[in-house]
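These notes are about the structure you will find just below.
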Amino acid sequence: MDDRESSREKRTTPARGYGEGVGAWYWIGVSAGLAAAFAVFVSGLAGFFRPFRAHYLVRAFVLLWLGFLIGIAIRSWETGGWPDAVAGALAACLVFLGAVVIVEGAFRRGGTRLGLAVLMAAIALIVAGIAFIPAAGFVEAVAIPALALRLRSTQPERYAGLRTLAKD
């Protein structure tokens, strides 16, 4: 009997090293990753509604608050605290500003509005899935803006195509 009771006690106690602290940083990363995914999706919509592109800073500010709300929702659902909301807000704003650079570069090279909106929605789903990998949400929140900065410095103005042959 003593062996059964001790085995039950062992099963109900959490495994060593997986306490509340690990859960907190995990959910902070998830909130940053989900906010990043939402920002990627909104950047695709911003490209689809291209005549309104002057309002990117307004959209970034709105995404700051929406990322904050994503963090609050995760905070109320799982372990964590205010860092969830702050990570969601910062990730949404930074990733949106980075993803818009990528979308604008694709437009400069001849991308279509609907095609880019669909691609960015698919990428947002992938980013949301990756957000649930431990620590990947933090990486997404930093990597997407870093990629945008790198791409911005190496982007050509516009693909010349057959126009180069027509200059006789």
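A short reminder: the numbers here are calculations on the coordinates, not readings from a lab. Computed from a predicted model, the values in this text were never measured in an experiment. Neighbour counts run over all protein chains shown; Cβ positions are idealised from the backbone, glycine included.
Which residue, of Arg75, Arg152, is within 23 Å of Ala24 (Cα to Cα) and either buried (at least 21 other Cβ atoms within 10 Å of the Cβ) or in contact (Cβ under 8 Å) with a residue 12 or more places away in the chain (or both)?
Going through Arg75, Arg152 in turn, just one is within 23 Å of Ala24 (Cα to Cα) and either buried (at least 21 other Cβ atoms within 10 Å of the Cβ) or in contact (Cβ under 8 Å) with a residue 12 or more places away in the chain (or both): Arg75.
Quick check on this structure: which one of Leu114, Leu147 is surrounded by fewer than 20 Cβ atoms within 10 Å (Cβ to Cβ), more than 19 Å from Ala24 (Cα to Cα) and in contact with a Gly (Cβ under 9 Å, 6 or more places away or on another chain)?
Leu147
Would you tally the residues in segment 80-100 being surrounded by fewer than 21 Cβ atoms within 10 Å (Cβ to Cβ) and touching a Lys or Arg at 6+ places or on another chain (Cβ under 9 Å)?
Matching residues across segment 80-100 total 3.
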